[in-house]
1. To the nearest 10 Å², what's Thr169's accessible area with a 1.4 Å probe?
2. Provide Cys47, Cys148 ordered by accessible surface of protein heavy atoms (probe 1.4 Å), highest first.
3. Keeping the other protein chains in place, figure out the carbon and sulfur percent of the accessible area of the range 132-192, with a 1.4 Å probe.
4. Measuring from the lowest to the highest alpha carbon on each principal axis, how far does the range 85-211 reach, largest first, in angstroms?
5. log10 I(q)/I(0), Debye, Cα-only the range 60-148, no solvent, q = 0.18 Å⁻¹?
6. Under 21 Å Cα to Cα from Lys19, which lysines show up? Leave out anything in the same chain fewer than 8 places away.
7. Charges only on Cβ, +1 for Lys and Arg, -1 for Asp and Glu: so what's the dipole of the chain about the Cα centre, in debye to the nearest 20?
8. Per-residue counts of other Cβ atoms within 10 Å, averaged by peptide: what ranking do you get for 93-99, 83-89, highest first?
Amino acid sequence: QIRKYYRRRNVTMPEVHRKQAVLPRGATRIDNKWGTAPGFWFQQGGCQFAFMPGVPAEMREMYLHMVEPDLESMYRLGSARAVVLRTFGLGESQLQERLDRVAFPDQVRLGFRVDMPYVDVKLRIAAEWETDLWNELLDRVREALGDCVFSECPRPSSGLADVVGELMTARQLTLALIEGVSSGELARQLGPAPWFLESLIIPDSGRLRARLGIRPPEQG
């Protein structure tokens, strides 16, 4: 095959290229119709390996036309189920402490992803696990995490302001803010939402209490 590749181009094959045709004992050749060096399949320890040349154009074509179709015939792959619970207000270690109350089966993979100011709790499980058991596990996780969870879906990308906005719109509510801590950050996140009326920033909470006529708590 390598010699034919060069003959088609009216070029004599350099003898050094003979080594490209040497394959490991027990390997199955993968023909390379886009270059010279073939690839090969090799099975070891219950794993199936596919080796291809490193030239990107050759490797890409070999994978798409020679390797991927064989993989699809060798294995029946099911889509794993996953859910991500987006949380606000607790750190990763605090979330882990809450989840220590939940007994996770070996089939479940638990992970965390920090996307400040949020922490995502990721659960992933094989597709063949029973749906009822999966739902029961999710209920236990939700109960353990409590009200720090504000979003749940396969791949959450929404922030807290987005979720609040969806609820405000659905319920036809409006909101005005008095900000005594965030110095306008809440108003910035809410932006020009039609349900957001106005924001008043009062950095001193003592002045805020006086303005609203709220008496400070009595000292014990």
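1. 90
2. I get Cys47, Cys148, largest accessible area first.
3. 52
4. Extents along the principal axes, in whole Å: 57, 30, 21.
5. Scattering profile of the range 60-148, log10 relative to I(0): -0.80.
6. Filter leaves Lys4, Lys33.
7. Here the chain has a charge dipole of around 1440 debye.
8. With the highest mean Cβ count within 10 Å placed first, the list reads 83-89, 93-99.
The values are calculated or read from the model by the stated rules, or taken from the named source; none is laboratory data. Keep in mind the model is a prediction, meaning the values are calculated, not measured. Backbone-built Cβ (ideal geometry, glycine too); neighbour counts: all protein chains shown. Areas reflect the complete protein model, heavy atoms only, side chains present, ligands, DNA and RNA absent. Shrake-Rupley method; radii C 1.70, N 1.55, O 1.52, S 1.80 Å.
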